[in-house]
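Encoded as structure tokens, the structure appears first; notes follow it.
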Amino acid sequence: MNKLLITGSNGFVGNYFISRYKNKYNIKTFSFLKDHINNLDCSDIDVVFHLSALVHQMGGASCEEYERVNVTQTLQLAKNAKESGVKHFVFMSTVKVYGEETESKYTEDSTCTPEDEYGKSKLKAEIELQKLEDEDFKVSIIRTPIIYGYGVKANIKNLVNLVNKVSILPFGNIQNKRSMVYIGNLCHIVDEVITQQKSGIFLASDDEPLSTSRLIELIAKNLDKKIYLVKIPFFESLLKILKPSFHKRLYGSLEVDNSVTKEVLFGKAKASLPYSVEEGIRLMIKGENI
């Protein structure tokens with residue numbers, strides 16, 4: 001049984017992963033908020049799964065704070081792990097390292113031009129981690145779009161609440177494409193990366209993207225809510241002027257191509273992930289027994 005150290009274990013992904021795989025791994029946790037890195041003993045650890053991070057802050061955070069949490073702490077942990085003989089370091093990153101919304105699909109090899117401090121800090125951490133890699137210390141980087149599942153917060157939760165309260169919404173016939181990843185699919189990919197001891201960059205996403213209109217329809221279906229999506233003239237243009245960030249999330253496309261990641265992990269057959277988008281949305285609303 002592999003001995004696994006997880007940081008950020010109380011977060012959304014950490015909680016799910018531990019609940020799902022607690023019988024497969026001998027799991028130890030570390031908190032940068034409660035514990036000191038100098039007191040961390042990784043001598044009995046096989047794999048470090050680093051989830052702890054300062055994520056995108058709506059109110060903003062300083063570039064120094066992103067640097068301290070996402071770069072400095074990550075490298076402190078990785079160096080401690082490597083010096084202690086840990087063989088594998090798995091780092092949770094983000095598609096924000098590529099930039100923002102785009103009409104083309106992002107792949108593992110797409111050029112990275114992050115625009116915000118969160119994305120810049122994650123890319124810097126990726127680059128520095130890869131410098132530490134050698135034949136005795138593997139580094140795996142998992143880049144994710146929006147992660148969703150039961151108990152998710154932020155934008156997805158706000159959208160679910162909106163659909164639950166309002167029956168007529170002005171989001172009809174939106175044709176964008178947004179990749180997301182159900183938390184069960186993400187953790188399945190991480191488990192495969194650890195089990196197969198694969199290093200490199202991996203894109204974790206569901207097998208198909210969703211338009212905003214389709215996402216709302218699936219949410220409503222699983223809430224057993226009757227909704228009407230209408231297309232209002234000038235609404236999109238008005239939203240673009242008044243709420244550009246909101247407009248970007250609703251109408252912009254951000255699609256990733258996960259075919260290479262699936263081929264590396266599952267072979268030429270590129271086996272589909274455990275959960276379809278429809279199943280993921282259903283489990284986000286109804287909950288999953290794990």
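The values are calculated or read from the model by the stated rules, or taken from the named source; none is laboratory data. Since we're looking at a predicted model, the values are computed, not measured. For neighbour counting, all protein chains shown are included, and Cβ atoms are generated from backbone atoms with ideal geometry for every residue, glycine included.
Kindly check whether there is at least one residue in segment 43-62 that is charged (D, E, K, R) and out of contact with any strand residue (DSSP E or B) (no Cβ under 8 Å at 6 or more places or on another chain). No, there is no match, as no residue in segment 43-62 is charged (D, E, K, R) and out of contact with any strand residue (DSSP E or B) (no Cβ under 8 Å at 6 or more places or on another chain).
The helices (runs of 4 or more DSSP H) falling completely within segment 241-290 that include 2 or more residues that are of a type in the set (Lys, Arg) map to 244-251, 277-286.
Remark: ASN155 matches the filter, which requires a residue to be assigned to a helix (DSSP H, G or I), out of contact with any His (no Cβ under 7 Å at 6 or more places or on another chain) and under 20 Å from LYS96 (Cβ atoms).
Considering segment 1-23, and only residues there that are over 18 Å from the mean Cα position of the chain (by Cα) and closer than 22 Å to ASP41 by Cα, the residue that is modelled with the lowest pLDDT turns out to be MET1. Every listed requirement among (1) out of contact with any His (no Cβ under 8 Å at 6 or more places or on another chain); (2) in a helix (DSSP H, G or I); (3) crowded, with 20+ Cβ neighbours inside 10 Å is met by LYS96 save one, (1).
Here is a list: VAL86, VAL90. Which entry is outside any helix (DSSP H, G or I), surrounded by 21 or more Cβ atoms within 10 Å (Cβ to Cβ) and out of contact with any helix residue (DSSP H, G or I) (no Cβ under 8 Å at 6 or more places or on another chain)? Exactly one of VAL86, VAL90 is outside any helix (DSSP H, G or I), surrounded by 21 or more Cβ atoms within 10 Å (Cβ to Cβ) and out of contact with any helix residue (DSSP H, G or I) (no Cβ under 8 Å at 6 or more places or on another chain), namely VAL86.
For segment 100-108, does any single residue satisfy the condition of being farther than 21 Å from ARG143 by Cβ, of a type outside the set (Ser, Thr, Tyr) and either surrounded by fewer than 16 Cβ atoms within 10 Å (Cβ to Cβ) or in contact (Cβ under 8 Å) with a residue 24 or more places away in the chain (or both)? No; the residues of segment 100-108 include none that is farther than 21 Å from ARG143 by Cβ, of a type outside the set (Ser, Thr, Tyr) and either surrounded by fewer than 16 Cβ atoms within 10 Å (Cβ to Cβ) or in contact (Cβ under 8 Å) with a residue 24 or more places away in the chain (or both).
Out of segment 140-150, which residues are of a type outside the set (Gly, Ala, Ser) and in contact with a Gly (Cβ under 8 Å, 6 or more places away or on another chain)? Those that are of a type outside the set (Gly, Ala, Ser) and in contact with a Gly (Cβ under 8 Å, 6 or more places away or on another chain): ILE141, TYR148, TYR150. Looking across segment 249-274, just one residue is over 24 Å from LYS96 (Cα atoms) and among the aromatic types (Phe, Trp, Tyr), and that is PHE266.
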